[in-house]
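Scroll down for the structure; my scribbles are underneath it.
The values are calculated or read from the model by the stated rules, or taken from the named source; none is laboratory data. Because the structure is predicted, anything quoted here is derived from the model rather than measured. With ideal geometry, Cβ positions are generated from the backbone for all residues, glycine too; neighbour counts draw on all protein chains shown. Ligands, DNA and RNA are excluded from the accessible area calculation, which covers all protein heavy atoms including side chains. Shrake-Rupley method; radii C 1.70, N 1.55, O 1.52, S 1.80 Å.
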Amino acid sequence: MMVELRIIAALSENRVIGRDGDKPWHLPDDLRRFRQLTDGHPVIMGRRTFQSICIKAGTRKPLPNRHSIVLSGKIDGFGDGIDVANFFEEAVDIAAFYSRDLDDVAYVIGGEQVFRSALAYPNTNVMELTHVKGTYVGDRHFPEYDQNEWVETNRESVVWTPEYTFVSYRKTA
Ligand SMILES: NC(=O)c1ccc[n+]([C@@H]2O[C@H](COP(=O)([O-])OP(=O)(O)OC[C@H]3O[C@@H](n4cnc5c(N)ncnc54)[C@H](OP(=O)(O)O)[C@@H]3O)[C@@H](O)[C@H]2O)c1
């Protein structure tokens, strides 16, 4: 069976996802939801996202109970238990292997370049987006995508400063 990819991302109204190697907000319920949804599933990420999570967590293996697959042109220096993939399809193959007993679902967790690859990948069927109210200054953005290809399946708002809303999307075609 083919692995299904699911994108999970938080973006502002002007599509900002990151600034200076970090996220420009702190959203506790968003982190909780990220943990719940991705729990047990392999996660695919870019080298910079991996490094930003590691720095925050103060460890070289940042996400417990999930296989981390890191995209990079480099081949080592990522620590034990981390799979490195040199191109997107290779990351998907590794994710397919690790997700075979987990409903064949893997999550794509960023950053910008990796979201772009995932949006172009045919078996990316779900997006779990956290829409953060307001505009932000940032240096990384969520890619533009064809909104006609995606249908909203769930929506839940969180009262916080800033306000934010979890929206689930499924690909129509
Ligand atoms: N808001 C959110 O949901 C969210 C989620 C994740 C990250 N972020 C933010 O986004 C920023 C980090 O993301 P980023 O866009 O700068 O970088 P990134 O996508 O995490 O990492 C980019 C690196 O990944 C590797 N890479 C990406 N695609 C590849 C491919 N197809 N084949 C081989 N290698 C590939 C390359 O590594 P090498 O240079 O080693 O070759 C590239 O330099 C941070 O600010 C972070 O906080 C936000």
For region 142-166 the number of residues that are among the hydrophobic types (A, V, I, L, M, F, W, C), over 16 Å from residue 121 (Cβ atoms) and in contact (Cβ under 8 Å) with a residue 40 or more places away in the chain is 3
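Yes/no per residue for (1) touching a residue at least 60 places away in the same chain (Cβ under 8 Å); (2) more than 24 Å from residue 3 (Cα to Cα):
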position	(1), (2)
29	yes, yes
38	yes, no
45	yes, no
51	no, yes
54	no, yes
58	no, yes
67	no, no
70	no, no
74	no, yes
Considering only region 44-59, state which residues are within 11 Å of the ligand (Cβ to nearest atom), of a type in the set (A, V, I, L, M) and more than 13 Å from the chain's Cα centre (by Cα). 55
Looking at (1) within 12 Å of the ligand (Cβ to nearest atom); (2) on the phi < 0 side of the Ramachandran plot; (3) surrounded by 12 or more Cβ atoms within 10 Å (Cβ to Cβ), which is the only condition residue 29 fails? (1)
Which of the residues spanning region 120-173 are open to solvent by 90 Å² or more (accessible area, probe 1.4 Å) and either basic (Lys, Arg) or at positive phi (or both)? 133, 140, 155, 170
Quick check on region 60-70. Is at least one of its residues within 14 Å of the ligand (Cβ to nearest atom), hydrophobic (A, V, I, L, M, F, W, C) and not in a loop (DSSP other than H, G, I, E, B)? yes
Select from region 99-118 the residues that are among the aliphatic types (A, V, I, L, M) and surrounded by 20 or more Cβ atoms within 10 Å (Cβ to Cβ) and write down the one among them that is nearest to residue 35 (Cα to Cα). 109
Evaluate the following for residue 150: is it over 23 Å from residue 31 (Cβ atoms), of a type in the set (A, V, I, L, M, F, W, C) and over 16 Å from the mean Cα position of the chain (by Cα)? yes
Test: residue in region 26-46 that is out of contact with any helix residue (DSSP H, G or I) (no Cβ under 9 Å at 6 or more places or on another chain) and hydroxyl-bearing (Ser, Thr, Tyr): yes
With (1) of a type in the set (Phe, Trp, Tyr); (2) more than 13 Å from the ligand (Cβ to nearest atom); (3) buried (at least 17 other Cβ atoms within 10 Å of the Cβ) as the list, and residue 34 as the residue in question, which single condition is left unmet? (2)
Just checking, which of 132, 92 is at pLDDT 95 or above and either farther than 22 Å from residue 12 by Cβ or more than 12 Å from the ligand (Cβ to nearest atom) (or both)? 92
Based on what the data block shows, is residue 87 within 14 Å of the chain's Cα centre (by Cα) and either buried (at least 21 other Cβ atoms within 10 Å of the Cβ) or more than 13 Å from residue 3 (Cβ to Cβ) (or both)? no
